[in-house]
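Following: one structure in structure tokens, then a few remarks.
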Amino acid sequence: DRKTIIKSFKTFMLKTAQEEYGHMVLLGIFDSVDDTKIVGKAVIGELMEDIDTLFSNKYGVRVLKYLFGRRDPTYFNRDHVAILEKGDGNEHSKKDADTRHKELVAVAAPPVIKHILEHAPGNLYEAATTITLTCILNNCVPCPDLEQAFQRLATLVTKPFAKGDSAPNLVENTASNMMFKKLIFKDADRQKNGEATFTASLLPLMSEDCVEAWLACNRGCLLILAIINLQIEEVTTAVKSKLKPYKKLIAKLDSPSGKILQEKLQSL
């Protein structure tokens, strides 16, 4: 009986999540147990008691990525997916896989997002961590916690800076810039599904100082291009409005992305 098996792991969930082979058992539970209430309480609930450990352990990170991103090949090894696929179609799992996944993510999202925000912005400068954060945020079910995360992250990335500052900033840092670009790219799907978007939080916070800072560096221009490339009419209109006062500045941009931005704006 699956419920009996889950109960037998009580108090050992975190230890199991950190084991090379043990963590695969948890992934199999996420995939095959239809009773998401008991999985949410007995498995995810116990794991959420020490999220720090999950983020700091390579197998714990896999558990988090699979819980949110499931079998997305961007984040999960194909060989491991092949092992887990062997359990697909078993006679005991009746619930649709997507439904089961969404129900489990809904349980994990509030504590995981809370943890992410508590550790921001420090955690946004680490390449490996930002990959995990992108997986979590871009696969999270729509919820107030996700919208709160969008608002906080938008506040952080729009903080003005001067090119060449000794203090690090989230726009020029390679890891955080990639994360923000992927959050923006995902807005195309969110918009189609009628969900809250990251750019909806971002655009109102793009002050004149923010826009000037972004235009002054290559990676800032990359973020502006990412927003324009969404091809969402109201978003494009808002961005053009914010860039309008900087026509002369944009015409003088010599960074690779700045030159692409010049061409892009001429075609709009």
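Here are a few things to note about the model shown:
- Computed from Cα atoms alone, the Kirkwood hydrodynamic radius reported for region 138-252 is 14.5 Å.
- Additional length obtainable on full extension of the chain from Ala251 to His80, 0.36 nm per residue less Cα span: 56.6 nm
- Charge dipole (the chain, unit charges on Cβ, about Cα centre) - positive-most of Ile250, Ser8, Leu67: Ile250
- Extension gain, Asp50 to Ala162, is 36.5 nm, computed as 0.36 nm per intervening residue step minus the present C-alpha separation.
- The modelled label-to-label distance between Ile5 and Asp35, using points 7 Å beyond Cα along the C-beta direction, is 1.4 nm.
- Spatial separation of Cα centroids for region 207-268 and region 51-128, in angstrom: 35
- Entries in Lys182/Lys259; Lys37/Lys186; Lys10/Lys102; Lys186/Lys252; Lys159/Lys244 that, when Cα-Cα distance is taken, lie over 25 Å: Lys37/Lys186; Lys186/Lys252
- Cα-centred dipole magnitude for the chain, charges only on beta-carbon of K, R (+1) and D, E (-1), debye, nearest 20: 480
- Accessible carbon and sulfur surface of region 195-237 relative to its total accessible area, %, 1.4 Å: 45
- Tail weight of P(r) past 23 Å, computed on alpha-carbon pairs of the chain, percent: 56
- Spatially proximal aspartates and glutamates relative to Lys86 (Cα-Cα < 15 Å; intrachain offsets below 8 disregarded): Asp31
- Positive-end residue of Ala175, Ala213, Leu261, charge dipole of region 166-268 with Cβ unit charges: Leu261
- Förster-model FRET efficiency, 30 Å R0, Thr236 and Asp72, C-beta, rounded to 0.05: 0.60
The values are calculated or read from the model by the stated rules, or taken from the named source; none is laboratory data. For clarity, every value in this text was computed on a predicted model and none was experimentally measured. Heads up, the Cβs are rebuilt from the backbone with ideal geometry, glycines too, and the neighbour counts pull from every protein chain shown. Ligands, DNA and RNA are excluded from the accessible area calculation, which covers all protein heavy atoms including side chains. Shrake-Rupley method; radii C 1.70, N 1.55, O 1.52, S 1.80 Å.
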